[in-house]
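See below for the structure under consideration.
The values are calculated or read from the model by the stated rules, or taken from the named source; none is laboratory data. Since the structure is predicted, the reported quantities are computational estimates derived from the model, not experimental observations. Note that each Cβ is placed from the backbone with ideal geometry, even for glycine, and that neighbours are counted across all protein chains shown.
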Amino acid sequence: MIRVIAVDDEPLALRQLESYIAKVPFLELVASCSDALQAMRVLEEKSVDAMFVDINMPELSGMEFVRNLENPPLVVFTTAYSQYAIEGYKVDAVDYLLKPFGLNDFVRASEKLRSRLAAVQPATSPAPEDDSLFFKTDYRTVRVRLSEIRYIESMSEYVKIYVDGAQAPVLVLLSLKYLMDKLPADAFLRIHRSYIIALSHLREASKGEVTLDDGTVLPVGDLYRQGLKEYMNRFSL
């Protein structure tokens, strides 16, 4: 998880940042601050990986705030004034969001944060004995056991995770590629640009589709057909 703070003197803008952060699975909101001085106090007391900081604030601007920090976290600047973009990059800002910005822009900036941190931090993996992952959904964090996942469907910027016994899928703001990288390769297989299946639930396969043990039929994409064939051949008589 990337531990972040949101800094903005406008209450509506601050609430928007809080809302967007809650929707990105790999972000954890440490604190919301209405000015730079409050943010400084948070940085003295808590561990923070990155900040979303408004530039135009009273008393101490976001730009001055970052410049005054001896070892600042990664920064994404937000502002309604485009002329500050060049200044933002002078202090090595990861990205610059021009207000009003939407969720898509925020997610792209968050991905840049994750890429920058990945370049300087060692990658970590879930403990192999822990058959579960945690997902942010509807302002909650829920635990999903990998053994209970039947299949996963991509819906633009979201994925639907279909779980045994659940009345509705778990909806998560996440890319299918990122999720596939987190799943054990011996238990899950991507069969289409929009679908990942749990191999334990695979009942039969043909050239263009697979059928799961509950009767669900899913398409097989051309790019993923060979991978499915190789898996089937491993257990064919």
Of all residues in the range 192-237 being touching a residue at least 40 places away in the same chain (Cβ under 8 Å) and in contact with a Phe, Trp or Tyr (Cβ under 9 Å, 6 or more places away or on another chain), the one that is nearest to SER147 (Cα to Cα): ALA198
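Please enumerate the residues belonging to the range 213-237 that are under 22 Å from TYR158 (Cα atoms) and not in a loop (DSSP other than H, G, I, E, B).
At the first step, the residues of the range 213-237 found to be under 22 Å from TYR158 (Cα atoms) are 216-221, 223-224.
Of everything in the range 213-237, those that are under 22 Å from TYR158 (Cα atoms) and not in a loop (DSSP other than H, G, I, E, B) turn out to be VAL217, LEU218, PRO219, LEU223, TYR224.
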Do we have any residue at all in the range 172-190 that's among the β-branched types (Val, Ile, Thr), surrounded by 12 or more Cβ atoms within 10 Å (Cβ to Cβ), in a strand (DSSP E or B) and without any contact (Cβ under 8 Å) to a residue 40 or more places away in the chain? no
Got a sec? Which of ILE5, ILE55, ILE21 is more than 28 Å from TYR158 (Cβ to Cβ) and β-branched (Val, Ile, Thr)? ILE55
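Output the strands (runs of 3 or more DSSP E) that fall wholly within the range 110-162 and possess 3 or more residues being exposed (fewer than 15 other Cβ atoms within 10 Å of the Cβ), at pLDDT below 80 and in the same structural domain as SER194 (by TED's automatic domain parsing), or say none.
none
Out of curiosity, is VAL7 surrounded by fewer than 20 Cβ atoms within 10 Å (Cβ to Cβ), of a type in the set (Val, Ile, Thr) and outside the structural domain of LEU171 (by TED's automatic domain parsing)?
Judged against the criteria, VAL7 is not a match.
Please go through the range 62-81 and give me each residue that is in a helix (DSSP H, G or I) and in contact with a Phe, Trp or Tyr (Cβ under 9 Å, 6 or more places away or on another chain), ordered by number.
Across the range 62-81, the qualifying residues are GLY62, MET63, VAL66.
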Determine whether the range 86-102 contains at least one residue that is outside the structural domain of SER156 (by TED's automatic domain parsing), at pLDDT below 75, farther than 22 Å from PHE26 by Cα and part of a loop (DSSP other than H, G, I, E, B). yes
Wholly within the range 1-61, strands (runs of 3 or more DSSP E) carrying at least 2 residues that are not aliphatic (A, V, I, L, M): 27-33, 50-54
